[in-house]
Amino acid sequence: MPRPFPHRHLLGIDPLSAEDILFLLDEAEPWIDFGRQARKEDRRLAGLTQFNLFFENSTRTLFSFEVAGKRLGAQVANFHPGGSSVRKGESLIDTALTLNAMRPDVMVVRHNESGAPQQVAEVAGCPVVNGGDGTNEHPTQALLDALTMRRRKGRIEGLTVAICGDIRHSRVAGSNRKLLPKLGAEVRLVGPPALLPDDAGGAATFTDLDEGIKDADVVMMLRIQRERMEESVSGTLADFHARYGLTYARLDRAAPDALVMHPGPMNRGVEIEGALADDPDRSAILDQVENGVAVRMAVLDVLTRARRE
Ligand code: NCD
């Protein structure tokens, strides 16, 4: 019998122990090979209904949750809020109550407000997965990033991971900076002063990219998230690239076999040189996408186990 996962929802990294995280990574691992077969069909979620509530745009996350659910046999329905008619507060809760009355067995929620999936979870009769909330967290992204590091570097413990770029507005950074130290990795946050968080939560911060990535085992680049900024960042994108863009030349300062990661969507020529992003020996960007489906299959499977038994 697999170890029970003692959580009803996956809303953020804080409640997870190192054992919980490793359990999910181990559960995800076999789904990677499974995904490489011609027939990708497992029936363990057959008859269950999965709702994806994406109140914000998404390519990778929405699609990969949909593919993950379908490969497990779930009936997947995507709710499209359409334009700006649905916002926060009551209308979010009303929407959640309405959809919940259709009796889904699991819901995945992405929203531009931090805390929205938590609000949905309070009224939901089923497990809720946070698919990214505002500038807060994106737990399945951190899990897939950890799985990618473990597979490419052979371990997580003892790695130095430099997370670079717009940390302040990044929920990817928000979840990674919580998850990685739980598994024994050291996290550095690297970016312009205006894009570093007020509270680095114990991580070392750097405003100089060359210094921040020095001897790092993993260099994780993030895009500038203008849509989440209250004030615009000064300077042009070319200036940003000159100071904070990752290039082959710059990567020489990191550990000799340093791995480059990016959650996407990436802006080639801004935070990362296109050729470097495309280099499969240095970049794990497409591994992250592949591993994302496996992680989401594991999460959907594990969270619905109690319901299925
Ligand atoms: C990110 C997100 O939406 O949080 N993308 C993703 O899910 N892979 C990062 C971003 O928007 O820059």
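Do you know which residues across segment 27-44 are more than 19 Å from S64 (Cβ to Cβ) and within 17 Å of the chain's Cα centre (by Cα)?
none
Would you check if there is a residue in segment 275-285 being of a type outside the set (D, E), out of contact with any Ser or Thr (no Cβ under 8 Å at 6 or more places or on another chain), closer than 26 Å to I13 by Cα and surrounded by 13 or more Cβ atoms within 10 Å (Cβ to Cβ)?
yes
Mind checking which residues of segment 46-60 are hydroxyl-bearing (S, T, Y) and within 16 Å of the ligand (Cβ to nearest atom)?
Within segment 46-60, S58, T59 meet the criteria.
Of all residues in segment 247-274, which are crowded, with 19+ Cβ neighbours inside 10 Å, in a strand (DSSP E or B) and within 16 Å of the ligand (Cβ to nearest atom)?
V260, M261, I272
Looking only at segment 13-42, which residues are assigned to a loop (DSSP other than H, G, I, E, B) and either in contact with a Leu (Cβ under 8 Å, 6 or more places away or on another chain) or within 20 Å of V289 (Cα to Cα) (or both)?
Those that are assigned to a loop (DSSP other than H, G, I, E, B) and either in contact with a Leu (Cβ under 8 Å, 6 or more places away or on another chain) or within 20 Å of V289 (Cα to Cα) (or both): I13, L16, R36, Q37, A38, R39, K40, E41, D42.
Under the condition of being in contact with a helix residue (DSSP H, G or I) (Cβ under 8 Å, 6 or more places away or on another chain) and surrounded by fewer than 20 Cβ atoms within 10 Å (Cβ to Cβ), which residue from segment 31-56 is nearest to T304 (Cα to Cα)?
Checked segment 31-56; the qualifying residue nearest to T304 (Cα to Cα) is R44.
It is to be established whether one or more residues within segment 255-264 are farther than 25 Å from N57 by Cβ, in contact (Cβ under 8 Å) with a residue 60 or more places away in the chain and aliphatic (A, V, I, L, M).
yes
So F240 passes all but one of these: (1) buried (at least 16 other Cβ atoms within 10 Å of the Cβ); (2) under 22 Å from the mean Cα position of the chain (by Cα). Which condition number does it fail?
(2)
Can you find a residue that is in the same structural domain as L62 (by TED's automatic domain parsing), β-branched (V, I, T) and at pLDDT below 95 anywhere in segment 105-125?
no
The values are calculated or read from the model by the stated rules, or taken from the named source; none is laboratory data. On a predicted model such as this, the values are computed, not experimentally measured, just so you know. Backbone-built Cβ (ideal geometry, glycine too); neighbour counts: all protein chains shown.
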